[in-house]
Amino acid sequence: MSTLGMAATLPGQTAGVSLFIDSFIEDVGLSRSLVSWLYTAATVLGSLALPLMGRLADRWGPRRMATLAVGLFALSCAGMGQAGGWIGVFVGFVCLRCFGQGTLGLINNHAVNLWFERRRGLAVGILGLGMAGATALFPPLIEEGIQAYGWQRTYLIMGGILAGAVLPLGALLYRDAPERYGLSPDRENAASETEASETEASEIGVPETSGLKDPELEASGPEGSGPETGAASEDEGETPGKDQGEIQDENQGESQGASAVGGIEPGVAYRTRTFWLFTGAGVYAAGLGTGLLFHHFSILEEAGIGRDLAAEFFIPLGALTAALNVGTGWLVDRYPPRLLLAAELVLYGALTGLLPWADTTAEVWAYGSVFGVAQGMHQALLGSVYAYYFGRLHHGTIRGLANTVFIGGTAIGPALLAVGPDFLGGFAAILWILTPVPFLLGAAALAGWAAGWDAATLQRAR
């Protein structure tokens, strides 16, 4: 259900919104720069709700929150179809970004992280197939809808699909943390209590012979999927014995005949360099990816590529994003995330450095392929690392703040890339200016892995 829910976020993702940009410019009478800045401001404003949404997800659980988010998202699509001026477009952007890309995306990720520890990376990678599949399949269909019915009716159709199909399925199929049902995550089901040394190797997900354990997790003890049994929260020790149907909303993390949900307190997580390393890298990747998709047709038009060929870019993008979501998820269960982060960032650096020369069919497909690999790695890594390092108990809250910062990056991206044609003579100059940034972040990721950043802090937090 969460994978389907990720696909359903497409109308609020830049890959979906970008299809309507020309319609806003031509039919509503807005300039490209104004649309970019409206999108930027709306994205920032919509993201401010995410820490609250994450906190509510920790308290109320994914089922209620996803149902609420899908309902509001459907109304947002229907309302966007009625936008007739810059205010309507702005309000529509705020709602689409807040309830779709922001809240619903957060809830889908949170739901999966609650149920998996030992194979968390692979599970989150499979979750990413929803967005990857939607990116590959739906933009051409949406484009056909715009051509056949107009952009207003297309938005109404998307809202109707969300309300008529996704909403009832979500209410039926989403589930809260396994502890609510007397179950436990896959870690304990897959490997019951064993000797501490064996548990360390299996739960970190690194073969004992690989030599690639993350120094931070190796130092912080046997709970390898992050310090999962870290400092207990005030809500964790409620009195057991109630009927499951009578469990209060605030006891989301309570144990029901299984081990209690564990995790690091948000205040501890926010003070670690590990949190800000992945969050900073996420801001760059989100901002660049959003900017490239937002200005996709204009960037390739500058290189002499027509709209039809530019649309083919989405085919390798979606296919390889899907493949690398799963592949990187599998790797996250076995190797330190910071090493994988460094590899992802090198790809982003190559992407920005070489994109201005893409002017043939093969190069457009190569662009989509490299972008897909980088995006797939990014989604799988950022989808699992916060629970990996900081546990499940406060995952919604911690991830909510991270998502707010990420979405700030997505807001900056389109406006930042627009500086190129507005002031630097084209997109190429701004892309080359941005090229050194991912290489510097990649070097920081390698340094963090080698030095075992935050090991002492996380050990004390246990």
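The values are calculated or read from the model by the stated rules, or taken from the named source; none is laboratory data. Bear in mind the structure is a predicted one, so any value in this text is a computation, not a measurement. Cβ sites come from the backbone with ideal geometry, for glycine too, and all protein chains shown count toward neighbours. All accessible areas refer to the heavy atoms of the entire protein, side chains included, with ligands and DNA or RNA removed. Shrake-Rupley method; radii C 1.70, N 1.55, O 1.52, S 1.80 Å.
Report yes if Ile305 is modelled with pLDDT under 90 and part of a loop (DSSP other than H, G, I, E, B), otherwise no.
Answer is yes for this residue.
Which condition does Thr40 not pass, out of (1) buried (at least 22 other Cβ atoms within 10 Å of the Cβ); (2) modelled with pLDDT of 90 or more; (3) polar (S, T, N, Q), if it passes all the others? Result: Thr40 passes all but (2).
Yes or no, residue by residue, for (1) at pLDDT 50 or above; (2) open to solvent by less than 60 Å² (accessible area, probe 1.4 Å); (3) outside any loop (DSSP other than H, G, I, E, B):
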site: Gly159; (1), (2), (3): yes, yes, yes
site: Leu162; (1), (2), (3): yes, yes, yes
site: Ala165; (1), (2), (3): yes, yes, yes
site: Arg180; (1), (2), (3): yes, yes, yes
site: Arg187; (1), (2), (3): yes, yes, yes
site: Glu193; (1), (2), (3): no, no, no
site: Ser197; (1), (2), (3): no, no, yes
site: Ser202; (1), (2), (3): no, yes, yes
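Quick test of your reading of the structure: Leu393 fulfils all but one of (1) open to solvent by 30 Å² or more (accessible area, probe 1.4 Å); (2) closer than 21 Å to Gly54 by Cβ; (3) not in a helix (DSSP H, G or I). Name the failing condition by number. Evaluating Leu393 over (1) open to solvent by 30 Å² or more (accessible area, probe 1.4 Å); (2) closer than 21 Å to Gly54 by Cβ; (3) not in a helix (DSSP H, G or I) leaves (1) as the failure.
Listed by position, the helices (runs of 4 or more DSSP H) inside the range 1-119 whose residues that are under 19 Å from Ile412 (Cβ atoms) and touching a Phe, Trp or Tyr at 6+ places or on another chain (Cβ under 6 Å) number at least 3 are 32-47. Go over the candidates Gly368, Gly408 one by one and state the one that is assigned to a helix (DSSP H, G or I) and either at positive phi or open to solvent by less than 10 Å² (accessible area, probe 1.4 Å) (or both). Just a single option satisfies the conditions, and that option is Gly368. Among the residues of the range 132-157, those that are farther than 25 Å from Thr328 by Cβ and either aliphatic (A, V, I, L, M) or open to solvent by 70 Å² or more (accessible area, probe 1.4 Å) (or both) comprise Leu141, Ile142, Glu144, Ile146, Gln147, Ala148, Tyr149, Gln152, Arg153, Leu156, Ile157. If the condition is being without any contact (Cβ under 8 Å) to a residue 60 or more places away in the chain and open to solvent by 10 Å² or more (accessible area, probe 1.4 Å), then the range 414-429 contributes Val419, Phe423, Leu424, Gly425, Ala429.
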